[in-house]
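Asker: Below: one structure in C-alpha cells.
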Amino acid sequence: MNYDVVGLGQCCIDYLGSVDQYPDIDEKEEVNNLTVQGGGPVATAMVTLSRLGASTAFIGKISDDSFGDLIKDGLISEHVNIDYIVIEKGKRSQFAFIVIEKETGKRTVLWSSATVTPLVAEEINRDVIDSAKVLLLDGLMKDISIVAAEYARDAGVKVVVDAGSMREGALALVHLSDYFIASDDFARQFFHADDPKAAAIELLALGAKTVIVTLGEKGSICLTPERYFYQPAFKVKAVDTTGCGDVFHGAFIFGLLQKWDLNETIRFASATAALKCREIGGRTAIPVLKEVEELLENDNSF
C-alpha cells in the first residue's frame, strides 16, 4: 500500500498532568488531570495527518515493554500504520513526564531515552519511503535520517525536516530538505542570537529550499529564495502547549498534499496547532479537518 506521508523518527509515551504552580525543591504539589498517551515529534505529526484525512505510516524503533505496547496501541487507534516499526526485545522504550502549569499552559518535560539500538538501513523499508508523497524526519537518529532523506530525494519524494533543537549532526539534513522547519530554540542556538529571520537566511544558504521558523505564541516566519512572510499565531486560551510544534508540522504537510500555496498552508498549520492547545496532552485535542476550517472561516475566533 502507498501512503501519503511516511514519518521516521522518535516515538514515546507521555505521562501528563497539571499543577497550580511548580513546587520548589523538597516541596510537594498535587498533580491533576493525569493522562497517559503517545508522543514524539514525528509520531504525533502522523496522528495529526491521520485525523485530517491523510494516509500515514510510521517508521521507528521501540522495545517489547509496556511502554512499547502503549506506543503501538496509540498509533493503531489513530489509523497510523505501524508495520514498519522495529521491535527490539529486552530493552526499554522512551517515556516522559510532562508537568503543565495550569495558569499559562506551559510545560516542563522530564524524559528518559529508549535503550534500543539506533535504526540502521537494513531495518527500514525503502519501498514505503519511495512510494510516499512526503517524508517527515525529526533528525533524532541522524545516520538513518540521512539515509532515508537520500532515498526520498532519489525517488522524488518531498522531504520535510522538523528541527526541534540544535544537536550534533542537526545540520546534516538541511541540504536534503525541501522544507526545513526550525523551532525558535533551534534558530537561536544555530545563529547564536535571537534573530529568526537572520537564522533562516543562513539555513537557506546551507541548501534548504524553504525555511520556516516557528515562534510559539508569536507565530512563525517563512523564507524562500523569492520571498519572506510572517504568520501570526491564532489567539487561544492555552490549556497545554505540549505537541504544538508536532501538530504544526503534520498540518503543514497536509497543506502540501492539497497543493496550497505557502501562505495558506502555514495559516492552516497555525490554526491546527492552536486548536490542539484546548486540552491536556499532545494528541487529545488534535482537530479534525472541519474544526480547522471553522476556525479559519471565523477569522481567528471560536
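A short reminder: the numbers here are calculations on the coordinates, not readings from a lab. Quantities reported herein were computed from a predicted structural model and do not represent experimental measurements. Glycine also receives a Cβ, built like all others from the backbone with ideal geometry; neighbour counts cover every protein chain displayed.
Asker: Please arrange THR210, THR108, THR44 by how many other C-beta atoms lie within 10 Å of their C-beta, fewest to most.
Answerer: THR108, THR210, THR44
Asker: Output the pairs from LYS158/LYS259; LYS106/LYS158; LYS197/LYS218; LYS61/LYS102; LYS102/LYS218; LYS142/LYS209 with a Cα-Cα distance over 23 Å in this structure; if there are none, say none.
Answerer: LYS106/LYS158; LYS61/LYS102
Asker: Sort HIS175, HIS249 so that the residue with the fewest other Cβ atoms within 10 Å of its own Cβ comes first and the one with the most comes last.
Answerer: By the 10 Å Cβ count, ascending, the order reads HIS175, HIS249.
Asker: Farthest toward the dipole's positive end in region 101-166, which of VAL147, THR104, ALA132, given Cβ charges of +1 (Lys, Arg) and -1 (Asp, Glu) about the Cα centre?
Answerer: THR104
Asker: Sticking with this structure for a sec: Once you charge only the Cβ atoms, +1 for Lys and Arg and -1 for Asp and Glu, what is the size of the charge dipole of the chain about its Cα centre, to the nearest 20 debye?
Answerer: About 480 debye.
Asker: Within the set of other residues whose C-beta is less than 15 Å from the C-beta of ASN32, count the net charge using Lys and Arg as +1 and Asp and Glu as -1.
Answerer: -4
Asker: In deg cm²/dmol and to the nearest 500, what is the mean residue ellipticity at 222 nm of the chain if only DSSP H runs of at least 4 residues count, each as -39500 (n - 2.57), divided by the residue total?
Answerer: Value at 222 nm, helices only, nearest 500: -10000 deg cm²/dmol.
Asker: Can I ask one more? About its Cα centre, how strong a charge dipole does region 29-159 have in debye, to the nearest 20, once Lys and Arg get +1 and Asp and Glu get -1 at the Cβ?
Answerer: Charge dipole of region 29-159: 280 debye, to the nearest 20.
Asker: By the scheme Lys and Arg +1, Asp and Glu -1, what is the net charge of all other residues having a beta-carbon under 10 Å from that of ALA187?
Answerer: Within the 10 Å Cβ shell, the charges total -3.
Asker: How do ASP240, ASP138, ASP154 line up, fewest other C-beta atoms within 10 Å first?
Answerer: Exposure proxy ranking, most exposed first: ASP154, ASP138, ASP240.
Asker: Between the DSSP loop rule and a limit of at most 10 other Cβ atoms within 10 Å, which trypsin sites (Lys or Arg not before Pro) in region 15-107 are left?
Answerer: Counting only loop positions with at most 10 other Cβ atoms within 10 Å, the trypsin sites (Lys or Arg not before Pro) in region 15-107 are LYS28, LYS89.
Asker: Given ILE87, LEU275, GLY68, which one lies farthest toward the positive end of the charge dipole of the chain, if we put +1 on the Cβ of every Lys and Arg and -1 on the Cβ of every Asp and Glu?
Answerer: LEU275
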